[in-house]
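Comments concern the structure below.
Taken together, the values in this text are just the output of simple stated rules run on the coordinates, not laboratory data. Values in this document were obtained by computation on a predicted structure and should not be read as measured data. As a convention, Cβ positions derive from the backbone with ideal geometry for all residues, glycine included, and neighbour counts pool all protein chains shown.
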Amino acid sequence: MSDFFRQMSILARVQRQMLIARLGGNLKKSKLMVVTLSTFMFGYLIIGYLLFSQGLTYVNRLPGVGTLMIERVLYMMIFFFFIMLVFSNVIINYSSLFRSKETQWLLTLPIDHRALFSWRMVETLLVSSWGLIFLSAPLLSAYGQIFEVEWHFYLKSFLLYLPFVAIPGAIASWLLVLTIRFANRYWKYTAIALIVFGALKVSSAIYSETLDPALSSESVALTFNQVLRHTEMSVNPHIPSTWMSEVILQWAKGYHSKVVVLFPLLLCSYALMGGWLSMALFSRTYYGAWNMSNWRRAQSSWRRREKILAKKGLTGFATPSIWVRLLSRNRPMQALITKDLKCFARDPSQWVQCAIVFGLLALYIFNMRNMGRAFEKSVWTTVISYLNFAVISLALSTLTTRFVFPQFSLEGGRLWILGLAPFGIQKVVWQKFILSIAIIGGMTTPLMILSGYMLRLPGERIAFFVFAIALMCVGLSGLSVGLGSLFPDFHEQNPAKIVSGFGGTLCLILNFLFIILFITCMIMPAVAPVIGRKWASAGIEHVESPPTQVGPDNTSAADEPQVKTDESDPLEIPLDTPHRSLLLHAQTITLIVVALLTAIAATIPMILGIRRVKRLELLGNL
């Protein structure tokens, strides 16, 4: 046991020195990246606190249900943090334990594989948990401001996070090792059955009839539970997120019940038990799981090779799929597209993250029908439709920066092969651009159509948002691919490290600026009616009012209660008047403007990137 902890301390000391050297290098070479990240982090803390504080204060003032609502919000947030921690730990553990070249090299050294597994689990836990603490800091600060807590509330909450984040880390390591070590066709069928069952449960919860609070005559608490019955899972008393939420609320309210002692002890005991099981039991299974993973990878590679040989024709080349042939008729281009698609599909650490992001977006859009009758008004459908577009655009910005930007750099030392071929390296840039548009466009266009359908938007409005999201895909792809070829890093094979350089930071900043300008131009058709009504009301104010007539009871007509006849929404445009044609013309002009903006944002980085690639090809610096 002493050798076990000694080897873990050696690994920890090496990783600490590497982290210090990496941070020092970033401070010297990438000062822009450090300043940008620091600004974003500080801005998130300030803006997040203000938004959470204003929102929770407004909800807390609701009569009857205010306190219940802010409590349920905390339960749901901690619950989703717990689920996301499990997913993130599974993804990071898989990359570091089974796909990392560093791990393969460490296993050849006289290091106990149990110590290596335990340290990788701790390292993954540190990487995944600091983001949770950072993201939830504004939320806890807002709760502290509402309940007027003392300073020790924040200290106790931080200490409570330590055992809380250890539980999903342990669960993720168990699931990963057991699945890889004992995965066979029966486990695959079981996983598929569980996924189908979960999808059916989610669908039944989403499509179940929502209760209108105005129609219920029962007590406030019972009506509240009926309306929010879709969130009952987040308050299940048998999951750790409920224990933590309950303790935080008890501390915030100043209560001193037995829950304040029981639930922290439960979190600590479960965390210690999970850590002990991972280090003492599941670490023994890791080496067998690692060998099984390599064996399956070799078997699948051999089967793919046999299939390719079976599909080859007289020319000796395998026939590409119909989807690849739709993207390009050039055979070398089809080969490169097929290669990138296979590399993406064979790396679960990439496609799992994309699946989680788009899955959450789809779940949110499906759940929009449960927002109540108030959101059926034109003003809310307009606001929500633009917010949905902004959320999808921000998700695209993150994914293109994370996955599209490093694609050209990942070619690495193999790029000289294309330099010797008549295909040309510059065409590789166009291939990355086309493939990026096809993939992200194929994922986001159905989401925008579904969003418009759930909001019951007219057909021309849905077409407007679909065309706009297609332009957004073109602009973000051009920025990411162009800047990725303009600032390549052929000596690094880790996409995360490639993105963390100067080029990745600049790409993220320009993506955000492009989204802000794009959405600013897009909202003009919705804002124009409001501006027109304000101008019209300003002109009416200058009209001389008629003289006041005094009645027999010495009351004027101005003193009598007036009946409001125009109760239309400020963003509502009548569809049976010429205003509809004006809206269509405004949308057409807006699409032309954003198309020009997209052309500028995509063309300039692509031209600069291709020029950079041509110089690389001519100088032979590959």
Please give, to one decimal in nm, the separation of the simple spin-label points placed at Trp276 and Leu51, each 7 Å out from Cα toward the Cβ. 4.3
For a label point 7 Å along the Cα-to-beta-carbon line of Ile356, residues of region 73-101 with backbone N under 12 Å: 81-95
Whole-number D in µm²/s for region 20-147 (Stokes-Einstein; Kirkwood sum over Cα pairs; 10 °C, 1.306 mPa s): 89
In whole angstrom, note down how far apart the Cα centers of region 95-121 and region 35-73 are. 41
The FRET efficiency for Val379 and Glu460, from their Cβ-Cβ distance with R0 = 22 Å and rounded to 0.05, is 0.75
Residues in region 424-466 near a label at Lys614, defined as backbone nitrogen under 20 Å from the 7 Å Cα→Cβ point? 424-434
Region 384-392 - phi-based ³J(HN,Hα) in whole Hz, Karplus 6.51/-1.76/1.60, Gly and Pro as x: 5, 5, 6, 5, 4, 4, 5, 5, 5
Relative to the present Cα-Cα distance, how much length would full extension add between Val260 and Arg297 at 0.36 nm per residue of separation? 8.4 nm
Between Met18 and Cys343, what is the label-point separation in nm under the 7 Å Cα-to-beta-carbon projection? 2.2
Region 267-296 and region 154-180: distance between their alpha carbon centers, rounded to Å: 13
Gained length - Ile604 relative to Tyr364, 0.36 nm times residue gap less alpha-carbon distance: 82.9 nm
How large is ³J(HN,Hα) for each residue in region 605-613, as worked out from phi by the Karplus curve 6.51 cos²θ - 1.76 cosθ + 1.60 (θ = phi - 60°), to whole Hz, x for Gly and Pro? x, 5, 5, 5, x, 5, 4, 5, 5
Would you mind classifying region 53-108 by shape? Square roots of the alpha carbon gyration tensor eigenvalues, ordered a ≥ b ≥ c; an a/c under 1.5 is rounded, otherwise it is prolate if a/b is larger than b/c and oblate if not. prolate
Scalar couplings 3J(HN,Hα) for region 73-84 by Karplus 6.51 cos²θ - 1.76 cosθ + 1.60 (θ = phi - 60°), nearest whole Hz, x for Gly and Pro, are 4, 5, 4, 5, 5, 5, 5, 5, 4, 5, 5, 5
Here the gain from full extension of Glu102 to Ser38, 0.36 nm per residue of separation minus their alpha-carbon distance, amounts to 20.1 nm
